[in-house]
Amino acid sequence: MRKERITKQQIEAILQPRTDLEKYILAQPALRKGLLWGEPRYGHPEGMVLNHIPEIFHNIENLMPAITPETVAKLRILALIHDSFKYAEDKSTPRDWSKHHGILARQFATPFLEDTELLEILELHDEAYYCWRSVCLQFRVEEGERRWQWLMQRIEPYLQLYYLFFKCDTRTGDKTQAPVKWVEQRLKGKTGYYESLFISQ
């Protein structure tokens with residue numbers, strides 16, 4: 001199926017929106033453009049964002065019945081929007097982080113989402129990965145630790161939902177699972193973090 005020929009109806013057939021809000025999100029041209037972005041690459045062998053989202057949906061479903069229907073609905077909204085503005089982010093050197101796809105996703109969602117929890121997680125959904133990368137891959141430990149503490153302060157009221165989405169997003173494609181294990185070790189015993197929920201395959 002060629003990207004330029006994928007219709008709104010075909011997108012809905014793949015993603016199967018459940019609510020009026022999900023249908024509204026998928027009706028937005030800026031988001032639909034982003035769904036068609038992406039080629040197969042390490043971490044995302046599925047290519048297009050459109051093909052990444054069903055993998056996250058699958059992981060969300062496999063968390064049930066340990067999570068509530070409300071949490072499922074929130075995770076699905078995050079999945080629909082989180083990577084859909086990668087096509088528009090700045091990738092120049094030095095990078096303009098104010099145009100990171102997470103920030104662009106938040107800007108897109110702000111007019112119709114009044115849930116601060118979802119907006120914060122949209123903006124910061126990749127931040128835990130960057131913390132892990134700084135500490136474990138780049139060996140910039142002090143920088144990574146400062147970044148982690150900053151993240152914890154930002155998401156403290158939303159910690160469990162942030163963790164659940166991070167896990168559902170990371171358990172896709174051929175991504176390394178090391179960041180999830182690192183995050184879970186960091187969160188053990190932390191107020192607001194309830195359990196390391198297992199996602200069945």
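The values are calculated or read from the model by the stated rules, or taken from the named source; none is laboratory data. Since the model is a prediction, treat every value here as computed from it, not as a measurement. As a convention, Cβ positions derive from the backbone with ideal geometry for all residues, glycine included, and neighbour counts pool all protein chains shown.
Annotations for the structure displayed:
- Subset of the range 64-94 [among the aliphatic types (A, V, I, L, M) and within 17 Å of Ile25 (Cβ to Cβ)]: Val72, Ala73, Leu75, Ile77, Leu78, Ala79, Leu80, Ile81, Ala88
Yes/no matrix, rows are residues, columns are (1) among the hydroxyl-bearing types (Ser, Thr, Tyr); (2) out of contact with any Ser or Thr (no Cβ under 7 Å at 6 or more places or on another chain); (3) closer than 19 Å to Asp115 by Cβ:
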site	(1), (2), (3)
Gln16	no, yes, no
Asp20	no, yes, yes
Leu26	no, yes, yes
Arg32	no, yes, no
Arg41	no, yes, no
Ile56	no, no, yes
Leu75	no, yes, yes
Ala79	no, yes, yes
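- For the range 52-71, a tally of residues being modelled with pLDDT under 95 and closer than 15 Å to Ser84 by Cβ returns 0.
- Glu12 being without any contact (Cβ under 8 Å) to a residue 40 or more places away in the chain, touching a Lys or Arg at 6+ places or on another chain (Cβ under 9 Å) and surrounded by fewer than 20 Cβ atoms within 10 Å (Cβ to Cβ): yes
- Scanning the range 58-73 for residues that are under 17 Å from Leu118 (Cα atoms) and acidic (Asp, Glu) gives a single hit, Glu70.
- Contacts under 9 angstrom Cβ, first residue in the range 130-148 being within 19 Å of Phe166 (Cβ to Cβ) and without any contact (Cβ under 8 Å) to a residue 24 or more places away in the chain, partner aliphatic (A, V, I, L, M) and exposed (fewer than 13 other Cβ atoms within 10 Å of the Cβ), 6 or more apart: Ser134/Val141
- The one condition in (1) part of a helix (DSSP H, G or I); (2) surrounded by fewer than 17 Cβ atoms within 10 Å (Cβ to Cβ); (3) out of contact with any helix residue (DSSP H, G or I) (no Cβ under 8 Å at 6 or more places or on another chain) that His52 fails to fulfil: (2)
- Leading residue by the ranking (farthest from Leu187 (Cα to Cα)) among those in the range 81-108 that are free of Cβ contacts under 8 Å to residues at least 60 places away in the same chain and of a type in the set (A, V, I, L, M, F, W, C): Ala88
- Filter result for the condition that a residue is among the aliphatic types (A, V, I, L, M) and farther than 20 Å from Lys167 by Cα, over Leu35, Leu78: Leu35
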